[in-house]
Structures are given as C-alpha cells and as structure tokens.
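The values are calculated or read from the model by the stated rules, or taken from the named source; none is laboratory data. Here the structure is a predicted model, which means the values were calculated and not measured. No Cβ is skipped: glycine too gets one built from the backbone with ideal geometry, and neighbour counts run over all protein chains shown. Heavy atoms of the whole protein, side chains included, go into the accessibility calculation; ligands, DNA and RNA do not. Shrake-Rupley method; radii C 1.70, N 1.55, O 1.52, S 1.80 Å.
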Amino acid sequence: MCDIKNIGVDEKLLFQLESDIREYDKIFLLMEKGEILDKLAERICNSKIIKDRKKKVLILALKKKSAEMDTAAVYRQITEIQAKQLYKLYSMYEFSDRFQMISRKVTYGGLLHLVDTGILNLEEATEALLH
C-alpha cells in the first residue's frame, strides 16, 4: 500500500474519512462553490428522503452552511486544501460507494450536466443521489 504522505494527504483526514464512511450511508464531496451546488446541498439537507428512509448523510462543502438551512443531513465545511486531498483519496482508492464527488469541473456528463440540459430537475437529481 502507498504511503499517504508521499501523495500529499493528511493522515488525520484519511482516518476521518474512514470513520465517516463507517458512520454515514452517503457522503457527498462538493468540489467547488456555485449556485447549483448550493441549491443541491440545500435540497439534500432538507430532503424528506433522508428523514423518511432514516439515511445518515454527510455533505463536505467549501461553502459555509446557510443559516436558514434546516438540516436532515450533517453539513461540514472544509477547506480547498482538504477538498483536493479528499479528491486524491477518491481518485486513488475505491473506499466505498458511499463516498461520492460532485463537481462541474472534474466530471463531464455527470448529474449536474443532466440538470443543466433539462433531462433532470434538481429534485430528481437529489433523489438519484440519495438512492
């Protein structure tokens, strides 16, 4: 196994991610800031799906949680450095299908592209993420 210090990842961050994967049903890493990602995070946090299915969801985001957000999910603000390190871990290992990255810049043809083109609305995208 590769030494994580050689790839520039904080060991505490790795241990926190492993702990989070054991605790949460879904973890979403929002790689950048933006209106659509803010809306998606808000919908996930307020999702009836989470409450009805009793899913434990963690959102890791660069932006601070808005004060009016009623959260059914746990929302944790992270730094850009942490986001880049988590992306390295996401890219290098298949920890779990519970850990998902959401980005406009890193992936093309992903869920946000389907929202942009009108194939899915934001509510349908939120539900797809939580399945």
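Within the assembled protein chains, the solvent-accessible surface assigned to Leu14 is about 20 Å², based on a 1.4 Å probe. Here the extension length gained between Asp116 and Lys88 equals 7.4 nm, from 0.36 nm per residue of separation less the Cα-Cα distance. The length gained on full extension between Lys64 and Asn46, counted as 0.36 nm times the residue separation minus their Cα-Cα distance, comes to 4.9 nm. Projected label points at Lys55 and Glu32, each 7 Å from Cα along the beta carbon direction, are separated by 2.5 nanometres.
Can you give the FRET efficiency for Arg76 and Leu14, using 1/(1 + (r/R0)^6), R0 = 22 Å, r = Cβ-Cβ distance, to the nearest 0.05? Approximately 0.90, to the nearest 0.05. Only protein heavy atoms count here; under a 1.4 Å probe, Tyr90 has an accessible surface of about 80 Å².
Measuring with a 1.4 angstrom probe and ignoring ligands and nucleic acids, Lys39 comes out at about 100 Å² accessible. Show which lysines lie in cross-link reach of Lys63 when reach means a straight Cα distance below 22 angstrom and same-chain residues fewer than eight apart are skipped. Output for Lys63: Lys12, Lys26, Lys33, Lys39, Lys84, Lys88, Lys105. Computed 3J(HN,Hα) for segment 56-63, one whole-Hz value per residue from the Karplus formula 6.51 cos²θ - 1.76 cosθ + 1.60 where θ = phi - 60°, is 9, 10, 10, 10, 9, 9, 6, 8, glycine and proline marked x.
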